[in-house]
Amino acid sequence: MMNRYLTLPLELDKLHKKAEHATCSLKQSVAQNLHLIITTAFGELVSDLNFGTSIWDADFSNANFNSRQKEQILESLKQAIHKYERRVENIKIGIGIQQDELQSSKPSRMKKKMSIQVNAVLKLTNEPIVYNDSFFISPLSYN
């Protein structure tokens, strides 16, 4: 199979033993890397302190999510994806904030939820790719 990509998380014990590691498609690999980029805070990756996005630095304690915060996060996402996911081009990013019911808590409660959509084109195949992710904010967490 051409262009086999390893799944995340890496199972280093399998690689060390030369056992077969699970693989995935190019689209799945790109999606996994986008998720990794988005969910990593600056300074978290010791080998590259610039890897990640500013989502983790944003202050969501205010009742309103203002346009300046949104633009800063969009710019951070755009720069990180351009730098760390070079298999895509024509990148367009959208961010939305809405109230959502947190199902896992009893009694249920409302939290702000940030939704991120990344639209791009795979350079290798010229296929479109759409990646969606969402995070509960205030305090920030991902599901």
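Just so it is clear, none of the values below were taken in a lab; they were calculated from the coordinates. This one's a predicted model, so the numbers in the text were calculated from it and none came from an experiment. Neighbour counts run over all protein chains shown; Cβ positions are idealised from the backbone, glycine included.
General remarks:
- Förster radius 35 Å - calculated FRET efficiency between Val121 and Ile97 (Cβ-Cβ, nearest 0.05): 0.85
- Which listed pairs, of Lys27/Lys78; Lys27/Lys92; Lys92/Lys123; Lys27/Lys70; Lys83/Lys123; Lys78/Lys123, have C-alpha distances above 20 Å, in listed order: Lys27/Lys70
- Neighbour cut-off at most 15 other Cβ (10 Å), DSSP loop, trypsin sites (Lys or Arg not before Pro), the range 6-49: Lys17, Lys18
- Taking label positions 7 Å along the Cα-Cβ direction at both Gln72 and Leu8, the computed distance is 2.4 nm, reported to one decimal.
- FRET efficiency for Gln79 and Val46, using Cβ-Cβ distance with R0 set to 30 Å, rounded to 0.05: 0.90
- Burial ordering of Thr125, Thr39, fewest other beta-carbon atoms within 10 Å first: Thr125, Thr39
- Cα-based convex hull volume of the range 5-142 per residue, rounded to whole Å³: 140 Å³
- Fully extending the segment from Trp56 to Met110 would add 17.4 nm, taking 0.36 nm per residue of separation and subtracting the current Cα-Cα distance.
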